[in-house]
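Have a look at the structure below, then the notes.
What follows draws every value from the coordinates through simple rules; no lab data is involved. What you see is a predicted model, and the numbers here were worked out from it, not measured in a lab. Virtual Cβ from ideal backbone geometry, glycine too; neighbours counted across all protein chains shown.
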Amino acid sequence: MNEFACHLYDPGLRLNRRHFFARTSLGLGSAALATLLSESKAAGTGATPARPQLGAGRIDPAAGGILTAYHVPPRAKRVISLFMSGGPSQLDLFDYKPLLNQMNGQDLPESVRMGQRLTSMSANQATLPMAGSIFRFARHGQSGAWVSELLPHTAQVVDELCIIHSLYTEAINHDPAITFFQTGAQVAGRPSMGSWLSYGLGSSNHDLPAFCVLLSQKRPDQPLYARLWGNGFLPSVHQGVEFRAGADPVLYLENPPGVSSAGRRKMLDRLRELHQLEYDATLDPAIQARIAQYEMAYRMQTSVPEVTRLADEPEHVFELYGPDSRKPGTFAANCLLARRLAERDVRFIQLYNPGWDHHGGLPSGIRTLCRETDQACAALIIDLKQRGLLDDTLVLWGGEFGRTNYSQGKLTATDYGRDHHPRCFTVWAAGGGIQPGITFGATDPFGYSVAADGVHVHDFHATVLHLLGIDHQRLTYKHQGRDYRLTDVAGKIVKGILT
């Protein structure tokens with residue numbers, strides 16, 4: 001009986017396709033393996049292709065991503081995503097609609113709604129009174145973009161922004177909508193955008209994760225699940241690493257009492273040897289991912305305290321970001337930390353700021369949220385630009401959907417609420433290949449539907465990947481017999497917003 005046949009009868013051996021190719025001495029295994037590697041280079045099947053020498057358009061093999069070369073010339077090296085969880089009201093911030101003020105209190109015409117579905121929270125209202133914004137709007141900058149009085153600092157940097165009025169989605173409730181915006185699917189379990197970038201491009205910093213997550217420390221009106229920055233079916237090394245406020249920014253990073261750094265190093269060396277023996281026996285790539293995570297955690301014991309030490313920043317930087325930037329865990333402090341991470345070439349930096357779900361009491365609630373975020377958002381743009389980082393850093397701002405043009409609940413002269421609205425909402429982007437100082441897309445005079453240049457969430461994702469040098473149709477991962485990608489089976493590049 002030959003060696004391969006013997007293994008068939010070994011109950012301790014987990015026989016799989018990798019073992020078949022590894023144990024077979026004939027040409028079949030080599031030929032099939034070569035085919036797999038060739039496919040992975042173009043489509044990203046999960047196998048790591050051989051790394052060619054660096055040259056024009058090549059990616060540093062030390063980065064650890066699946067791609068050996070960019071699909072298109074990259075405009076950006078990294079992304080900072082400022083996610084306003086809950087759905088900020090575009091009609092009170094960016095999308096100026098004087099007609100709503102003129103028709104304030106009148107019922108939304110059926111010719112505008114056209115029988116489209118509403119959430120259960122407002123579907124049973126006797127009327128749908130249109131609600132004009134109580135906030136003043138004005139044109140700002142050379143671009144003349146309309147911005148609400150709620151965002152005076154953002155108004156000052158409007159010529160650096162591309163304001164997109166025509167984003168739309170199918171998801172009408174928070175969980176599927178947030179999941180869709182983060183992962184490209186309404187159902188949980190897919191990899192997040194940051195994980196896809198980590199999988200494709202790897203990390204540009206040997207001592208920090210490719211994908212870092214910063215949450216504003218406040219009570220959210222909807223939960224922010226860790227799966228929103230999860231790796232899904234991608235290897236676990238690509239999941240987002242959450243940074244927290246306080247003495248331990250990353251949990252379980254410090255050595256336990258009585259364990260020295262030298263002792264931990266020896267322990268990891270022996271653990272690596274054991275894992276290598278297991279990998280040689282099973283060829284399970286999850287083992288390699290586990291080794292990589294242990295080693296990254298060891299390096300982060302030094303790099304994380306250094307990057308999170310905001311006290312190193314000079315006084316004028318805190319003044320730029322505002323007084324909250326001195327308080328760990330605030331949105332302002334997280335924006336400052338995001339800049340420090342960007343300086344260290346972290347690939348994807350995701351900030352979450354919850355609380356934008358204003359079904360009632362919108363004027364009061366949105367004032368508070370804008371006070372917490374406006375100055376820091378503008379400061380981030382200014383800070384990146386003056387450090388020469390804005391040109392190759394893509395900054396994104398927005399939520400999972402917009403808000404209705406009618407009031408949910410009672411409409412008064414000083415108070416109203418707005419329900420979820422997926423048919424049109426506003427986001428902005430800046431830096432990294434984005435055309436500055438433009439407004440893209442338009443909604444109808446009622447602010448109810450997209451009127452020109454609609455941008456689906458899949459289109460938005462495709463454009464982000466394009467700016468990082470990736471063809472969204474070619475970055476795929478085979479899972480359960482199907483090739484998956486961030487944009488699923490849709491998505492087109494929004495060329496009108498690119499430089």
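Would you order K385, K495, K77, K327 from fewest to most other beta-carbon atoms within 10 Å of each residue's own beta-carbon? Write down the numbers at each step before the final one.
Working: K385 16, K495 9, K77 19, K327 13.
Ascending number of Cβ neighbours within 10 Å: K495, K327, K385, K77.
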*Rg(Cα) / (2.2 N^0.38 Å) computed for the stretch 189-265, rounded to two decimals*: 1.29
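So if R0 is 35 Å, what FRET efficiency would A281 and A185 give, r being the distance between their Cβ atoms, rounded to the nearest 0.05? List each step's numbers first, then the result.
Numbers: r = 35 Å, r/R0 = 1.01.
For R0 = 35 Å, the calculated efficiency reads 0.50.
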*asked:* Suppose R0 equals 60 Å. What FRET efficiency, 1/(1 + (r/R0)^6) with r the Cβ-Cβ distance, do S111 and R482 give to the nearest 0.05?
replied: 0.90
*What order do you get for 408-415, 331-338, 87-94, 186-193 when each peptide is scored by the mean count of other beta carbon atoms within 10 Å, highest first?*
87-94, 331-338, 186-193, 408-415
*Ellipticity estimate at 222 nm from DSSP helix runs (n ≥ 4, -39,500 (n - 2.57)) divided over the chain, nearest 500*: -10000 deg cm²/dmol
*Looking at the square roots a ≥ b ≥ c of the eigenvalues of the Cα gyration tensor of the stretch 393-434, which shape do they give, rounded for a/c under 1.5, prolate if a/b is larger than b/c, or oblate?*
prolate
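Hey, got the dipole for the chain? About the Cα centre, +1 on K and R Cβ, -1 on D and E Cβ, debye to the nearest 20? Could you put the intermediate results ahead of the total?
Working: 48 positive and 47 negative charges, 146 e Å.
For this selection, approximately 700 debye.
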_How would the stretch 131-176 be classified by its alpha-carbon gyration tensor: rounded, prolate or oblate, with rounded meaning a/c under 1.5 and the a/b versus b/c comparison settling the rest?_
prolate
_Nearest 10 degrees, 0 to 90: helix 174-183 Cα axis against the chain principal axis_ = 50 degrees
*Could you point to the residue in L467, A245, L396 farthest towards the positive end of the chain's charge dipole, with +1 and -1 charges on the Cβ of Lys/Arg and Asp/Glu respectively?*
L467
_For the stretch 367-410 versus the stretch 186-208, the gap between their alpha-carbon centres in whole angstrom_ = 23 Å
_Radius 10 Å from Cβ of Y406, net charge of other residues (Lys, Arg +1; Asp, Glu -1)_ = +1
*Kindly give Rg over Rh for the stretch 255-307, based on alpha-carbon atoms, with the Kirkwood expression for the hydrodynamic radius.*
1.05
*asked:* Taking 28 Å as the cut-off for C-alpha to C-alpha distance, list the pairs among K77/K478; K77/K492; K97/K495; K77/K495; K266/K478 that go past it.
replied: K266/K478
_Which of rounded, prolate or oblate describes the stretch 370-499 when judged by the alpha-carbon gyration tensor and an a/c cut-off of 1.5?_
oblate
_FRET efficiency estimate (nearest 0.05) - Cβ-Cβ, R474 to R136, R0 56 angstrom_ = 0.75
*Given just the C-alpha atoms of the chain, how large is their convex hull per residue in cubic angstrom?*
171 Å³
*Please compute the net charge surrounding P363, taking Lys and Arg as +1 and Asp and Glu as -1 over other residues with Cβ under 15 Å from its Cβ.*
+2
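As a footprinting exposure proxy, order L214, L161, L274, L108 by other Cβ within 10 Å, with the fewest listed first.
Numbers: L214 26, L161 29, L274 11, L108 20.
In increasing order of surrounding Cβ atoms, one gets L274, L108, L214, L161.
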*Among DSSP beta bridges whose residues both lie in the chain, state the antiparallel percentage, nearest 5.*
50 percent
_With unit charges on the beta carbons (Lys and Arg positive, Asp and Glu negative) and the dipole taken about the Cα centre of the stretch 255-307, which residue among V259, M300, L277 sits farthest to the positive side?_
V259
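Place a +1 charge on the Cβ of each Lys and Arg in the stretch 255-307 and a -1 charge on the Cβ of each Asp and Glu, then give the dipole magnitude about the Cα centre in debye, rounded to the nearest 20.
Rounded to the nearest 20 debye, it is 240 debye.
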_Hypothetical label at Q435: residues of the stretch 464-499 whose amide nitrogen lies under 12 Å (7 Å Cα-Cβ projection)_ = 494-499
